[in-house]
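A short worksheet on the structure shown next.
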Amino acid sequence: MSNLTTARDAPVPNPPMDGEVDLSDLICRIALQDRRAFDRLYLATSRKLFGVALRMLRDPTEAEDAIQEVYVRIWQKAGRFRPGRAHPMSWLIAIARNLCIDRLRQRKAPAVPITDATDVADPAPGPEAMTAQSMQRRRLDSCLAKLSARKAEAVKSAYIEGYSYQDLADRFQMPINTVRTWLRRSLLSLRDCLKENSL
């Protein structure tokens with residue numbers, strides 16, 4: 001996985017689970033914006049998290065879209081993870097589960113009862129994590145300001161407000177594939193900008 005958006009476009013891999021992979025270490029390295037750690041985490045966990053999303057959403061296409069957002073959230077929230085306080089896989093499943101719950105709540109008839117999903121609580125952030133999150137949000141806002149107004153609106157609508165690709169295609173009156181390309185390029189620009197601002 002070479003960037004944040006390939007999780008959506010590439011087929012869900014079926015790699016052998018590597019018992020030597022230290023998920024806690026990878027998440028901590030992702031908090032430092034380590035791209036290689038992010039790629040390894042994706043390869044080691046995407047099959048499991050896709051299964052969680054598919055079980056809850058009951059729709060392969062929607063599950064693929066959800067997984068795209070799940071890994072964006074993992075990238076953004078890695079600084080909240082505290083080794084020893086939560087099992088890393090449980091923490092990742094909590095992110096996937098909570099995102100799927102948000103999607104189910106947007107439906108008038110949920111695909112499955114929320115109570116049927118694995119009951120894993122998302123650990124609340126402590127003061128240090130909240131401070132880091134505030135600093136990251138300021139950096140993100142600064143980088144969003146460097147995008148065109150329409151692209152910044154599309155990114156915020158997709159990844160903060162939860163609008164689908166089809167919703168954005170309708171709003172901006174453009175083909176859905178163009179919206180995907182727009183978001184992919186915008187995320188790459190944001191990634192590079194955040195990396196520069198973190199130095």
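Readers should treat all values here as calculations from the given coordinates under stated rules, not as data from a laboratory. Treat the numbers as computed from the prediction; the structure is a model and nothing was measured. We place every Cβ from the backbone using ideal geometry, glycine too, and count neighbours over all the protein chains shown.
How far, in nm, would the chain grow between K156 and R82 when pulled straight, counting 0.36 nm per residue and subtracting the alpha carbon separation?
Full extension of this stretch gives 23.9 nm more.
Using the Cβ atoms and a cut-off under 12 Å, what net charge is assigned to the surroundings of P83, where Lys and Arg are +1 and Asp and Glu are -1?
Cβ neighbours under 12 Å give a net charge of +2.
Length gain on complete extension for the stretch R105 to R73, per 0.36 nm per residue less the alpha carbon to alpha carbon distance?
Result for the pair: 9.7 nm of gain on full extension.
Any idea what the relative contact order of the stretch 56-112 is, in percent, if you count C-alpha pairs under 8 Å spaced at least 6 apart?
57 percent
So between R138 and E196, what do we pick up on full extension, going 0.36 nm a residue minus the alpha carbon distance?
19.5 nm
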